[in-house]
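Below: one structure, written as structure tokens.
The values are calculated or read from the model by the stated rules, or taken from the named source; none is laboratory data. Remember, predicted model here, so these are calculated numbers, not experimental data. Please note: Cβ atoms are built from the backbone with ideal geometry, for glycine as well, and neighbour counts cover all protein chains shown. The area values use the complete protein model at the heavy-atom level, side chains included, leaving out ligands, DNA and RNA. Shrake-Rupley method; radii C 1.70, N 1.55, O 1.52, S 1.80 Å.
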Amino acid sequence: MNKDEELIRKKSPVNIKNKKASFEYFFIETFTAGIVLTGTEIKSIRLGKASLVDTYCTIQNGEVWVKGMNVSPYFYGSYNNHEMKRDRKLLLTRREIQKLASATRQTGYTIVPLLVFIDQKGRAKMDIALCKGKKEFDKRQTLKEKEDRREMDRAMKVWK
């Protein structure tokens, strides 16, 4: 990811994150994909009414789908409102899809959504990652490193 892409994500009015992903998985490679949405879905996402808890991606017939993504119904949506947890198609290049498909055939690898954001042109985008699951001792190590970092920050504040 270059600096321009990182800046776009930081300036985006919407940043919906999957906070558990970094604790549960090692990230091998990340991709940015467009999301195919209906009118009321994009309005709900722009209001920040979406969640990536318990979401995952699958590849079916050469297409990548995100499953379990919760987008709350739009308040003013009346009869054309969308389903909350429907499967949504992700837009990637053929080369990226083939790369993900070949990697997920190996045991232990999966595709996990990391972040939903709005780009400069107003389109919803999703960062997904090819991941390998962490074992229990890896999770304990991650927690220990996080605790050590927090302790060092506290010590630096006191020392100043």
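With every protein chain left in place, what is the accessible area per residue of the chain in square angstrom, probe 1.4 Å? Each step should come with its number before you reach the end.
Numbers: 11040 Å² over 160 residues.
Here the per-residue accessible area is 69 Å².
Using alpha carbon centroids, what distance separates the range 117-144 and the range 10-25, in Å?
7 Å
Counting each DSSP H run of 4 or more residues in the chain as -39500 (n - 2.57), what helix-only mean residue ellipticity at 222 nm follows after dividing by all residues, to the nearest 500 deg cm²/dmol? Don't jump to the answer; show the numbers that get you there.
Details: 5 runs with 56 residues, N = 160.
It lands at -10500 deg cm²/dmol.
Which ³J(HN,Hα) values, rounded to whole Hz and listed in residue order, are derived for the range 103-109 from phi using the Karplus coefficients 6.51, -1.76 and 1.60 in 6.51 cos²θ - 1.76 cosθ + 1.60 with θ = phi - 60°, glycine and proline given as x?
These are the phi-based 3J(HN,Hα) values: 6, 6, 5, 6, 6, x, 9 Hz.
Which loop-located GluC sites (Glu not before Pro) does the range 1-86 contain, where loop means any DSSP state but H, G, I, E or B and the Cβ has at most 16 other Cβ atoms within 10 Å?
Values: sites: Glu5, Glu6, Glu24, Glu29, Glu41, Glu63, Glu83; in loops: Glu83.
When the GluC sites (Glu not before Pro) of the range 1-86 are filtered for loop state and at most 16 Cβ neighbours within 10 Å, Glu83 remain.
How large a share of the accessible area of the chain, in percent, is made up of carbon and sulfur atoms when the probe is 1.4 Å and the other protein chains stay in place?
51 percent
In the chain, which longest range has no chymotrypsin sites (Phe, Trp or Tyr not before Pro) that are both DSSP loop (not H, G, I, E or B) and surrounded by at most 14 other Cβ atoms within 10 Å?
77-160
Rounded, prolate or oblate: which fits the chain when a ≥ b ≥ c are the square roots of the eigenvalues of the alpha-carbon gyration tensor, with rounded for a/c under 1.5 and prolate only if a/b beats b/c?
Working: a/c = 1.91, a/b = 1.33, b/c = 1.44.
Note, shape of the chain comes out oblate.
If amide H atoms are built 1.01 Å from N in the plane of the peptide, which residues on other chains or at least 5 residues away come under 5 Å of the amide H of Asn70?
Ser51, Val53
Rounded to whole Hz and in sequence order, give me ³J(HN,Hα) for the range 27-41 from the Karplus expression 6.51 cos²θ - 1.76 cosθ + 1.60, θ = phi - 60°, writing x for Gly and Pro.
Values, residue by residue: 8, 8, 8, 10, 9, 10, 10, x, 10, 8, 10, 8, x, 6, 5 Hz.
Quick one: 3J(HN,Hα) in Hz for the range 43-52, Karplus 6.51/-1.76/1.60 with θ = phi - 60°, rounded, Gly and Pro as x.
So the Karplus estimates, Gly and Pro as x, are 5, 5, 5, 5, 7, x, 9, 9, 9, 10 Hz.
List the relative contact order of the range 44-160 as a percent without decimals, with contacts defined as Cα pairs under 8 Å and 6+ residues apart.
Working: 143 pairs, mean separation 22.2, N = 117.
About 19 percent, as a whole number.
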